[in-house]
Amino acid sequence: MLSKRIIPCLDVHEGRVVKGTNFVQLRDAGDPVELAALYDKEGADELIFLDITASSDKRETMVDVVRRTAEQVFIPFTIGGGLRTIDDIRRMLRAGADKVSLNTSAVQTPRLIQEGAHAFGSQCIVVAIDARSTAPGRWEVYIHGGRTATGKDVLEWAAEAEALGAGEILLTSMDRDGTKAGYELELTRAVSRAVSLPVIASGGVGTLDHLAEGLTLGEADAVLAASIFHYKEYSIEEAKRYLAQRGILVRKTGGLV
Amino acid sequence: MIGIVDYGRGNLRSVEKALEKVDFETTIMTSSAELEGVDGLILPGVGAFADAMEALKSGGWIEPITQFARSGRPFLGICLGMQVLFEVGEEHGEHAGLGLLAGRVVKFPPGGKIPHMGWNSLNLEQPSRLLEGIPNESYFYFVHSFYAVPSEKSDIVATSDYGVVFPAVVGKGNVWGAQFHPEKSSPWGLTLLTNFGKWVNEYAALSSH
């Protein structure tokens, strides 16, 4: 049977992994390629690199990270951050990425989802949604790394992204991101039910129990986490063992779990 | 030497890097003339069935690949590259495939999320050298919306379960296919590619005598 996925996320700034709280205050957390190879070895099911480098003239650094990762990492990996055109997408896929994640550009130019899916297949187009709660049961889409409100409803946007050909939704709760208070389960569940695409829960994980909650109560297909893995609070292996004990189907790797 | 067919429809780089990782020599082929010099062949592929067949046709690959398969040299199709080994694909209407294996490629029934994406476990249906050393219930990475229904049950080497039980590895003689992406299925995917590579090397050693 299809297993649930654990996806470490690496925020990359000018070629280094960093982690902030509520989208600010960056701390250095190592070399992305080294970390990626370690996570592959530990049994991560997939990886996501988010390039948070603000200026696009430093984009070549990220292409290099992708190229080097592709030589050492043999699980699927996604690149997001600052991809605006079909050419940007093509460049990352050619460098060895399996998927691209579109956020701001998808909201501003929804056609990019359609064109990307047409050119490279839906399976490699991930639409990332940064969501902030506006009222009970309502969330608004934010762009520009959480700085700009769009007025768009998260559930409507997720459904629109699916209709345009997105293959997956990466859903981040801005209210929870960096807080370690757990995923916003109501949001995750609402989006999971609004689309028939796989949903990756993101934002707020602080304990292994949060991972389990995201996959069960949140009805997510995959859970994303950054700091709990980067700062070695837990290993991927521990996380998988815990989830397996909770009766959640996870991938076993070479006698690991 | 393992040739990887470049017909504009696959993640060639990943396949190439994975084979390099397990120490096999590869060459990415942009023309069927290069088939002469290779001992084993990999046909990758992502996208739609008809698109892939059209690209193989316009690249002049169909007859040379068919001949390669008949020559007895090891041949592995990956994902869509596996699906086109069959006679007919039902994606966007009926389309003829390479017909190297008997059967059809059909869509998953509605109900589950499509595509079937992520890590699923294998049930080994019969012993095969391609899966040597890979335990039953090992996980592999899948991304697909269609699956093969071989006419001959004996062509099914391993299956997976996604609401329906479908073939994950198929094979007959020297022609094999994996529905998953071995190049993205660390660690067992690399084991499968190693098995394929060894087979290619054995074939090369035999044919040089």
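The values are calculated or read from the model by the stated rules, or taken from the named source; none is laboratory data. Model, not experiment: these values are computed from the prediction. Backbone-built Cβ (ideal geometry, glycine too); neighbour counts: all protein chains shown. For the accessible areas, the whole protein counts, side chains as well, though only heavy atoms, and no ligand, DNA or RNA atoms are used. Shrake-Rupley method; radii C 1.70, N 1.55, O 1.52, S 1.80 Å.
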- Interface residues, the stretch B:105-124 - accessible area loss of 30 Å² or more versus chain alone, probe 1.4 Å: B:Lys113, B:Pro115, B:Met117, B:Trp119
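Averaged per residue, what accessible area in Å² does the protein assembly as shown show with a 1.4 Å probe, protein chains only? List each step's numbers first, then the result.
Values: 17750 Å² over 466 residues.
It amounts to 38 Å² per residue over the protein assembly as shown.
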- Note on the structure: So for R0 = 51 Å, FRET eff. of A:Thr134-B:Leu206 from the Cβ-Cβ r, to 0.05, ends up at 0.15
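First measure r as the distance between the Cβ atoms of A:His118 and B:Ala102, then evaluate 1/(1 + (r/R0)^6) with R0 = 22 Å and state the FRET efficiency to the nearest 0.05. Provide the component values of the computation, followed by the final result.
Working: r = 32 Å, r/R0 = 1.45.
E(calc), rounded to 0.05, equals 0.10.
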- Each label sits 7 Å from Cα toward the beta-carbon; between A:Thr61 and A:Ile248 the label points are separated, in nm, by 3.3
- Query: Looking only at trypsin sites (Lys or Arg not before Pro) in DSSP loops with at most 13 other Cβ atoms within 10 Å, what is the longest site-free stretch of chain A?
  - Reply: A:1-146
- Task: Determine the calculated [θ] at 222 nm for chain B from helices alone, applying -39500 (n - 2.57) to every DSSP H run no shorter than 4 residues and normalising by the residue count; nearest 500 deg cm²/dmol.
- Result: -7500 deg cm²/dmol
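What total accessible area, in Å², is buried where chains B and A meet, using a 1.4 Å probe and rounding to the nearest 100? Provide the component values of the computation, followed by the final result.
Working: alone 9260 and 11020 Å², together 17750 Å².
Buried area between the two chains comes out at roughly 2500 Å².
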- Task: Return the sequence-ordered ³J(HN,Hα) values of the stretch B:157-164 in whole Hz as given by the Karplus equation 6.51 cos²θ - 1.76 cosθ + 1.60 applied to θ = phi - 60°, using x for Gly and Pro.
- Result: 9, 8, 10, 9, 10, 9, x, 9
- Task: Search the structure for amide H atoms under 5 Å from the amide H of B:Gly77, placed 1.01 Å from N in the peptide plane, and list their residues when 5 or more places away or on another chain.
- Result: B:Leu43, B:Trp176, B:Gly177, B:Ala178
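Taking the Cα centre of the stretch A:131-224 as origin, sum charge times position over the Cβ atoms of Lys and Arg (+1) and Asp and Glu (-1), and report the length of that vector in debye to the nearest 20. Don't skip to the end; give the middle numbers.
Details: 8 positive and 14 negative charges, 51 e Å.
The calculation lands at about 240 debye.
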- Query: Where nothing but the Cβ of Lys and Arg (+1) and of Asp and Glu (-1) is charged, how large is the charge dipole of the stretch A:5-246 around its Cα centre, in debye to the nearest 20?
  - Reply: 160
- Query: Each label point is 7 Å from the Cα along the Cα-to-Cβ direction; what then is the distance between the points at A:Asp175 and A:Lys41, in nm?
  - Reply: 4.1
- Spelling it out for A:Arg5: with amide H atoms placed in the peptide plane at 1.01 Å from N, the residues 5 or more places away or on another chain with amide H under 5 Å from its amide H are A:Ala222, A:Val223
- So what is the relative contact order for chain B, in percent, with contacts set as C-alpha pairs under 8 Å and at least six apart? 21
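Show me B:44-52, B:120-128 ranked by packing, highest mean number of other Cβ atoms within 10 Å first.
Values: B:44-52: 21.9, B:120-128: 16.9.
Per-residue Cβ counts within 10 Å, averaged per peptide and sorted highest first, yield B:44-52, B:120-128.
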- Query: Which entries in the list A:Lys152/B:Lys17; A:Lys232/B:Lys198; B:Lys113/B:Lys153; A:Lys152/A:Lys232; A:Lys99/A:Lys232; A:Lys58/A:Lys240 go over 31 Å, if you measure between the two C-alpha atoms of each?
  - Reply: A:Lys152/B:Lys17; A:Lys232/B:Lys198; A:Lys152/A:Lys232; A:Lys58/A:Lys240
- Placing +1 on each Lys and Arg Cβ and -1 on each Asp and Glu Cβ in the stretch B:86-209, then taking the dipole about the Cα centre, the residue among B:Leu131, B:Tyr141, B:Ile156 whose Cα reaches farthest towards the positive end is B:Tyr141
- For the stretch A:205-213, Karplus-derived ³J(HN,Hα) couplings (6.51, -1.76, 1.60; θ = phi - 60°; whole Hz; x for glycine and proline) come out as 5, x, 9, 5, 4, 4, 4, 4, 4
- Task: Taking amide H positions as placed in the peptide plane 1.01 Å from N, state which residues far from B:Ile4 in sequence (5 or more) or on other chains have amide H under 5 Å from it.
- Result: B:Thr27, B:Ile28, B:Met29, B:Ile42
- Estimated vicinal HN-Hα couplings, Hz - the stretch A:178-193 in sequence order (Karplus 6.51, -1.76, 1.60; Gly, Pro = x): x, 8, 6, 9, x, 5, 7, 5, 5, 4, 4, 5, 4, 6, 4, 7
- Task: Could you tell me whether chain A comes out rounded, prolate or oblate from its Cα gyration tensor? Rule is a ≥ b ≥ c as square roots of the eigenvalues, rounded for a/c under 1.5, then prolate if a/b exceeds b/c, otherwise oblate.
- Result: rounded
- Expected 222 nm ellipticity per residue - DSSP helices of 4 or more, -39500 (n - 2.57), all of chain A, to 500: -10500 deg cm²/dmol
- Distance in nm between pseudo-label sites at B:Val165 and A:Leu217 (7 Å out along the Cβ direction from Cα): 3.7
- Carbon and sulfur %, accessible surface of the protein assembly as shown computed with the full protein complex present, 1.4 Å: 48
